[in-house]
Amino acid sequence: MSDSIPVCAAPDPEPRAPSFPVPEGACDTHFHVFGPAGYTLEPGRRYTPPDAPLSAFRRVSDALGVRRAVLVHPSVYGTDNAITLDCLAAHGSDPGLMLRGIAVVDNDIPDTELERMNDLGVRGLRYNLLFPGGPPKEQIEAMATRIRAFGWHIQLLIDVSVFDLDIVAGLPVDVVFDHLGHMSPGKGLDDPGFQRMLAMMRDGRAWVKLSGAYRTSANLMPPWDDVLPIGRALVETAPDQCVWATDWPHPGFQSTLPNDGSLMDVLADWAPDDRQRQAILVDNPARLYGF
């Protein structure tokens, strides 16, 4: 089966500095680590990742001026969070790059393991519902109830234009939408699902990651102008509920990989005001992840 699983290209090894001054304490709220060998990949995974250790991400964070980051457990490792927890245990309090984590778990995970994850810096659980086979509503609700005591949130990879947001609108914890809601920009801002996401943001219980423009854009290269209205609508609607991310090393993307400096540059188009960028890069992630 491994012969049919596509192998991802490695990220751009020369990240460039962004074109605007990055405020002190800036945070990349979504990156992954892959390897070294020894961590078991899921046999049914959708892709085989490149080798992408934390040391390689440090070159990115240094180039971007980022000193805080959120390590999101990748789907290719399933619910075995060893690579993420090992990384948090070894480097979570590094003053050069302070880390928090997002885990992927089964519903039968013991409370003691959730407590250990919390102590290591985990601040939420991720559900990938973009593809068939995700957990039913009842399982997400059950886990949301369990993690509420930790102040964690539920992070969702979904296309908000086709996903029934009623499933998550009533959860007892905050909800974080990955990658701008992962909606095709061709559907327009009046799409009912997109408007529902905006309403949830206005209520203060939903957040959106300003990331992944290259994943939904019809354009291979920056500045991904067709995504600009989406980014601006999110920032204009609820600037205090937006955070920013690279999604380094851009796994599962089978086209031209972006330079991470370009990904930060588009934030200046979405949030042209210095105060907005201060909130999105520093203040909002500090609240959401407890930096």
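The values are calculated or read from the model by the stated rules, or taken from the named source; none is laboratory data. As the structure is a computational prediction, the values presented were derived from the model and not from experiment. A quick note on method: Cβ atoms are made from the backbone with ideal geometry, for glycine too, and the neighbour counts reach across all protein chains shown. These area figures cover heavy atoms from the full protein model, side chains too; ligands, DNA and RNA do not enter into them. Shrake-Rupley method; radii C 1.70, N 1.55, O 1.52, S 1.80 Å.
List of remarks:
- Residue, nearest to Thr29 (Cα to Cα), within the stretch 51-67, restricted to residues that are in contact (Cβ under 8 Å) with a residue 24 or more places away in the chain and open to solvent by 60 Å² or more (accessible area, probe 1.4 Å): Arg67
- Some residue of the stretch 196-208 being assigned to a loop (DSSP other than H, G, I, E, B), surrounded by fewer than 19 Cβ atoms within 10 Å (Cβ to Cβ), under 18 Å from the mean Cα position of the chain (by Cα) and basic (Lys, Arg): yes
- Each residue in the stretch 116-139 was checked for being open to solvent by 20 Å² or more (accessible area, probe 1.4 Å) and either closer than 24 Å to Asp94 by Cβ or aromatic (Phe, Trp, Tyr) (or both), and 7 pass.
- Residue tally, condition under 9 Å from Ile83 (Cα atoms), under 21 Å from the mean Cα position of the chain (by Cα) and surrounded by fewer than 19 Cβ atoms within 10 Å (Cβ to Cβ), over the stretch 22-46: 1
- Filtered residue count, the stretch 256-278, keeping only those that are more than 13 Å from Tyr214 (Cβ to Cβ) and open to solvent by 10 Å² or more (accessible area, probe 1.4 Å): 10
Each row is one residue, and each column tells you yes or no for (1) open to solvent by 20 Å² or more (accessible area, probe 1.4 Å); (2) under 24 Å from Gly44 (Cβ atoms); (3) small (Gly, Ala, Ser); (4) free of Cβ contacts under 8 Å to residues at least 24 places away in the same chain.
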position	(1), (2), (3), (4)
Val70	no, no, no, no
Ala90	yes, no, yes, yes
Asp94	yes, no, no, yes
Met98	yes, no, no, no
Ala103	no, yes, yes, no
Leu114	no, no, no, no
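- Matching residues in the stretch 1-19 - criterion: being of a type in the set (D, E, K, R) and part of a loop (DSSP other than H, G, I, E, B): Asp12, Glu14, Arg16
- Scope the stretch 116-132; condition without any contact (Cβ under 8 Å) to a residue 60 or more places away in the chain and more than 12 Å from the chain's Cα centre (by Cα); matching residues: Arg116, Met117, Asn118, Asp119, Leu120, Gly121, Val122, Leu129, Leu130, Pro132
- Taking the stretch 93-184 as the region of interest, the helices (runs of 4 or more DSSP H) fully inside it that hold 1 or more residues being farther than 22 Å from Val70 by Cβ and at pLDDT below 95 are 137-147, 166-169.
- Search result, residues across the stretch 159-174 that are open to solvent by less than 20 Å² (accessible area, probe 1.4 Å) and within 12 Å of Leu129 (Cβ to Cβ): Val160, Leu165, Val168
- Residue match in the stretch 140-149 (condition: in contact (Cβ under 8 Å) with a residue 24 or more places away in the chain, open to solvent by 40 Å² or more (accessible area, probe 1.4 Å) and within 27 Å of Leu228 (Cβ to Cβ)): no
- Residues of the stretch 20-40 that are at pLDDT 95 or above, assigned to a loop (DSSP other than H, G, I, E, B) and either among the hydroxyl-bearing types (Ser, Thr, Tyr) or more than 25 Å from Cys242 (Cα to Cα) (or both): none at all.
- Within the stretch 171-195, residues that are farther than 18 Å from Leu210 by Cα have Cβ atoms under 7 Å from residues that are of a type in the set (A, V, I, L, M, F, W, C) and not in a loop (DSSP other than H, G, I, E, B) in these pairs: Leu171/Ala144; Leu171/Ile154; Pro172/Ala144; Val173/Ala144; Val173/Ile147; Val173/Ile154, counting only partners at least 6 apart in sequence or on another chain.
- Here is the figure for the stretch 239-268: residues that are in contact with a strand residue (DSSP E or B) (Cβ under 8 Å, 6 or more places away or on another chain) and either over 18 Å from Ala69 (Cα atoms) or part of a loop (DSSP other than H, G, I, E, B) (or both) total 5.
- Number of the condition not met by Ala233 [criteria: (1) open to solvent by less than 50 Å² (accessible area, probe 1.4 Å); (2) outside any helix (DSSP H, G or I); (3) closer than 27 Å to Asp274 by Cβ]: (2)
- Flag if Thr84 is under 22 Å from Ala245 (Cβ atoms) and not hydrophobic (A, V, I, L, M, F, W, C): yes
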